[in-house]
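Enquirer: Got a structure for you, written out below as structure tokens; questions coming shortly.
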Amino acid sequence: MLIKRVTRICLNKKFAPFLITVSLLIMTDSLGFSQTKPGYILLKAGVHFDSQVSGGKYSLAELANIIARHKLDVGIITDHDNMKVSYGIRPFENFLKFTIEENSVHRYGVEKYINEINALDAAYPNLILIPGIEAVPYYRWEGSPLYENMVLRDWHTHLLVFGLEDPKVFEQLPSLANHNIGYSKPDGKIIKYIGANFTHFALMTLYFLLFLISLALIFRRKYGLFSRKNINRPRQNIRFSFPAFIMAVIFGLILYNQYPFLPRKYTPYDRKAGSAPYQELIDYVNAHNGLIFWAHPEVTHNEVRQINIPLMNQAIKISTEAYPHRIMETQDYTGFAIFWEGAKVIGRPGGLWDIALAEYCAGLRRKPVWAIGELDFEDSSNLNNVTETLTFLFVKERSRAGVYEAMRAGRMYATRSFTGDKIVIDDFSVYDLHTGNNAFIGETLTHAQAPVAIHIRLRALTTLNKPETIFLYRNSELIKIFHLNTVLDEWFVDESPMSSPMCYYRIYGGDSWPTLASNPIFVSK
């Protein structure tokens, strides 16, 4: 039936290259070759496990055992890189401060953390364990301890970072806790840089001169240098100046507080930072060839915590609003977590993901935005939740390098609500009817012209309670609905003319809410 259906599509001679390509594809399947797209290995990955290193229930060794027992091929462990915040009394906030700190990779030891995961990776030959970080780059304060209305904002705005093998690169991830974010740095043109920040550097120079003058005045001579009294009483003519000492201490503390003496673009005490701290982290990870994904972007976190401040006993509110807008305000990150907490606003058809992909198609973004499934597995007593949200990768080789390459290329799809243990995508490809050229998930079919053919092949691994509905979208427009019982192997010809230089196709699964989402295939004229 499939051959007849494709043959009817291709009766026109100009579609002969496509017919030959598809016939070879069908023959390959009929010979009993692997059902997964030829040339790729399908790996089942769990992304975002938290261990006892940063507050999870299980040790790293226990997590590795849990992941292996549930037959995942890949486990990406992403403990918090730091969980330290400080509130300082300005203008001496770097030393007149109190600090809140929880368990984290930095507290545990970055190199120790990486080495333990590497050792566990070697101990499980059938499992690829990958060390990563749940980065906490920024936070900000509102209110004051004097008025007992302090609020800690954005502490739970996180990004997942992995693909960095060097512990030193992990150690230097930009964050307020690491004191290496938010400074305006020269781009090579020193004179222009100083001129643009003249007020700041003039003030630093003034502080330094006043500090030196104060030092010079602490011990000064009572009489002039050439006075006869000075010659006769050399030890008695030195006088200690207490006011000068106080001034030297004050200006010394100011200079210490201003270290490294560069102008600040933002601090934890203002509201002007926006998405800039997160973009700094994204740029750093890209510069070191890592992968970075927005974590749980639609989660709102609120809690109240009692803290002890000297002479003050009070509670502070810790509040992080959902941050789907960061998807649009930042550039060049690898992707975002669509499941569980990214499907309502970002990942739904017509949502922010579609807007970001449309910007990429229009040349307004350098990179496409990919979607993953995120577990955020910490302390669940139901270990079966390890397979509740999954990311499936089409890798060229079964290794860490193969995983990184597939995720960077977007050759993956995400599932939730245990769909990943029931349904598998074997193929989702787009074909140029004129040339027979094709593109797979995450790829781009170039120099194409309408019509194009889409091939979808899915399998149910177990008996489904009811048929699964599969939706095919072109950009944000629904163009076809399929139903999966046991095997879905369908061709669809999209005859709509390409109205823009580039479009994309993707599939969703699930009726009332998405339980499966593929990454897009791009088609350009």
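Enquirer: For the chain, calculate the relative contact order in percent as a whole number, restricting contacts to Cα pairs under 8 Å that are 6 or more residues apart. Intermediate values should be presented prior to the final figure.
Expert: Details: 1060 pairs, mean separation 76.0, N = 525.
Reported relative contact order: 14 percent.
Enquirer: Next up: Roll a 1.4 angstrom probe over the protein heavy atoms and tell me the percent of accessible area of the chain that is carbon or sulfur. Walk me through the numbers before you get to the answer.
Expert: Details: 13660 of 24560 Å².
Answer for the chain is 56 percent, counting heavy atoms of protein chains only.
Enquirer: Can you give me the convex hull volume of the Cα atoms of the chain, divided per residue and expressed in Å³?
Expert: Values: hull volume 100.6 nm³, N = 525.
With only Cα atoms used, the chain gives 192 Å³ per residue.
Enquirer: In square angstrom, what is the accessible area per residue of region 270-362 with a 1.4 angstrom probe? The partial results should precede the final answer.
Expert: Numbers: 3860 Å² over 93 residues.
Spelled out: the 1.4 Å probe surface of region 270-362, per residue, equals 42 Å².
Enquirer: What is the dipole size for the chain, taken about its Cα centre, with +1 at each Lys and Arg Cβ and -1 at each Asp and Glu Cβ, in debye to the nearest 20? The partial results should precede the final answer.
Expert: Numbers: 55 positive and 50 negative charges, 517 e Å.
Value, rounded to 20: 2480 debye.
Enquirer: Taking every pair of alpha-carbon atoms in region 331-440, what share in percent sits in each 5 Å bin, from 0 to the bin with the longest distance?
Expert: Distribution as computed: 2, 11, 15, 20, 23, 16, 9, 3, 1, 1, 0 percent.
Enquirer: Another one. Find the accessible area per residue for region 78-157; the probe is 1.4 Å, ligands and nucleic acids are left out, and the unit is Å².
Expert: Details: 3360 Å² over 80 residues.
For region 78-157, the solvent-accessible area averages 42 Å² per residue.
Enquirer: Measuring from the lowest to the highest alpha carbon on each principal axis, how far does region 30-161 reach, largest first, in angstroms?
Expert: Principal axes ranked by extent give 76, 30, 21 Å for the Cα atoms.
Enquirer: Angle, helix 400-409 long axis vs. longest principal axis of the chain, Cα atoms, 0 to 90°, nearest 10?
Expert: For 400-409 against the chain, the angle is about 80 degrees.
Enquirer: Using the heavy atoms of the protein chains and a 1.4 angstrom probe, tell me the accessible area per residue for region 404-453 in square angstrom.
Expert: Numbers: 1310 Å² over 50 residues.
With all protein chains present, region 404-453 gives 26 Å² per residue.
Enquirer: Let me ask something else. State, as an integer percentage, the relative contact order of region 306-368 based on alpha-carbon contacts under 8 Å between residues 6 or more apart.
Expert: Values: 47 pairs, mean separation 16.9, N = 63.
Computed over region 306-368, the figure is 27 percent.
Enquirer: With the cut-off at 22 Å, report for region 433-525 the share of all Cα pairs above it, as a whole percent. Display every interim value, and only then the final one.
Expert: Numbers: 1212 of 4278 pairs.
Percent of Cα pairs beyond 22 Å in region 433-525: 28.
The values are calculated or read from the model by the stated rules, or taken from the named source; none is laboratory data. As the structure is a prediction and not an experimental result, all values here were calculated from the model. Note: ideal-geometry Cβ built from the backbone for every residue, glycine included; neighbour counts use all protein chains shown. Heads up: the accessible areas ignore ligands, DNA and RNA and are worked out on the full protein's heavy atoms, side chains in. Shrake-Rupley method; radii C 1.70, N 1.55, O 1.52, S 1.80 Å.
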